[in-house]
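S.K.: The structure under discussion is supplied below as structure tokens; questions concerning it will follow.
The values are calculated or read from the model by the stated rules, or taken from the named source; none is laboratory data. Computed from a predicted structure; not experimentally measured. Counting neighbours? That spans all protein chains shown, and the Cβs are built from the backbone with ideal geometry, glycine included.
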Amino acid sequence: MDNREGSRRPYHSVSKAFKLVVVVLLFIITLVRLLLLVYFPETDIVSDKVLLFILLFISLYLWIQELRDRYYLQRLHEELKTAHEQLKQAEIDTIASLIKTEEEKDVNTRGHSERVTKIALAIAEEMGLDKKTKDTLSRGGILHDIGKIGIKDAVLHKIEKLTEEEWELIKSHPQKAIDILEPLKFLAIERNMILNHHERYDGSGYPAGRKGNEICREALILAVADAFDAMNSSRAYRQALPREKIISELKNARNTQLSAEIVDIFLKLLEKRPELWEK
């Protein structure tokens, strides 16, 4: 990329200098012509046709140069945009690798974020959501548990009932995720989604007790995907729930823990795509 950019700079600077020279020459020719008309009206050093041809040629040249420069700037803009997107994706991939490393410590949580992302995207596809929303869900799904990196494994994988203090630590992971992702300003929607994915539709969730439409749609989708995968996977303190039990729990969670609309869409989706049960 450096070589290509270096080869373009000379062209761009020469082009601007040449256009300046052309404009100056045009001005001189016009000035000379006017002076001849004023002081030597009978002199015909340069005919009107020749002068018109020169003016048209210069105008055409300047127009072509302007198109070339616009194309150059547009292409440069696209390359910078692509490089910026690649940089953002590299930052996301770096953080995602940390999450994957954390999940690999426990066979029960291994692949959780990837499965949640897959399910969330399947729901979004079923809802007919646009590409931008699906891209947001993809990034948010992969990163949603990043806050758990700041919680001790002894608490995350504890078999016995959590103490009140330990439960408060678990409940802090959405805010910890926001703190970790704060420098990545381009993840504003994703941060909001991650912060709210443990809020409940009836307002009994955490960290802020939001309810209903106060919770963004992406977080509501993520909550259903997260709840499903949690029930469909074994944990240190229990085995994966039977399928009938999971479906029953999802139905019972309509308009309490989860959005009824999204639960209904997901239950129909499970019938159409049984591979979503696979771990």
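S.K.: Given LEU55, LEU129, LEU67, LEU76, which one is outside the structural domain of GLU271 (by TED's automatic domain parsing), aliphatic (A, V, I, L, M), surrounded by 13 or more Cβ atoms within 10 Å (Cβ to Cβ) and modelled with pLDDT of 80 or more?
M.R.: One residue alone meets the criteria, LEU76.
Per-residue answers, yes or no, for (1) more than 20 Å from ALA124 (Cα to Cα); (2) at pLDDT below 95; (3) surrounded by 15 or more Cβ atoms within 10 Å (Cβ to Cβ):
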site: ALA240; (1), (2), (3): yes, yes, yes
site: GLU244; (1), (2), (3): yes, no, no
site: GLU249; (1), (2), (3): yes, no, yes
site: GLU275; (1), (2), (3): no, yes, no
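S.K.: Another one. (1) surrounded by 22 or more Cβ atoms within 10 Å (Cβ to Cβ); (2) assigned to a helix (DSSP H, G or I): which one isn't true of ASP135, the others all being true?
M.R.: Checking ASP135 against (1) surrounded by 22 or more Cβ atoms within 10 Å (Cβ to Cβ); (2) assigned to a helix (DSSP H, G or I), the one that fails is (1).
S.K.: Then there's this: Only one of (1) touching a residue at least 12 places away in the same chain (Cβ under 8 Å); (2) touching a Gly at 6+ places or on another chain (Cβ under 9 Å) fails for GLU160. Which number is that?
M.R.: Against the list (1) touching a residue at least 12 places away in the same chain (Cβ under 8 Å); (2) touching a Gly at 6+ places or on another chain (Cβ under 9 Å), GLU160 comes up short only on (2).
S.K.: Which residue, of ILE149, ILE265, is surrounded by fewer than 22 Cβ atoms within 10 Å (Cβ to Cβ) and under 30 Å from GLN86 (Cβ atoms)?
M.R.: One residue alone meets the criteria, ILE149.
S.K.: For region 148-262, give me every one of the helices (runs of 4 or more DSSP H) that falls completely inside it and has 2 or more residues that are out of contact with any His (no Cβ under 7 Å at 6 or more places or on another chain) and charged (D, E, K, R).
M.R.: 164-171, 173-181, 188-196, 217-232, 243-252
S.K.: Would region 227-238 turn up any residue that is out of contact with any strand residue (DSSP E or B) (no Cβ under 6 Å at 6 or more places or on another chain), assigned by TED's automatic domain parsing to the domain that holds GLU190, more than 28 Å from ILE178 (Cα to Cα) and at pLDDT below 95?
M.R.: Yes, because at least one residue in region 227-238 is out of contact with any strand residue (DSSP E or B) (no Cβ under 6 Å at 6 or more places or on another chain), assigned by TED's automatic domain parsing to the domain that holds GLU190, more than 28 Å from ILE178 (Cα to Cα) and at pLDDT below 95.
S.K.: Would it be correct to say that ALA120 is in contact (Cβ under 8 Å) with a residue 24 or more places away in the chain and of a type in the set (Gly, Ala, Ser)?
M.R.: It is true that ALA120 is in contact (Cβ under 8 Å) with a residue 24 or more places away in the chain and of a type in the set (Gly, Ala, Ser).
S.K.: What do you reckon, is LEU156 over 27 Å from GLN86 (Cα atoms), among the hydrophobic types (A, V, I, L, M, F, W, C) and buried (at least 17 other Cβ atoms within 10 Å of the Cβ)?
M.R.: Yes; evaluated as a whole, the condition is true for this residue.
S.K.: From the list LEU267, LEU181, pick out the single residue that is at pLDDT 95 or above and either within 18 Å of GLY140 (Cβ to Cβ) or in the same structural domain as ILE159 (by TED's automatic domain parsing) (or both).
M.R.: LEU267
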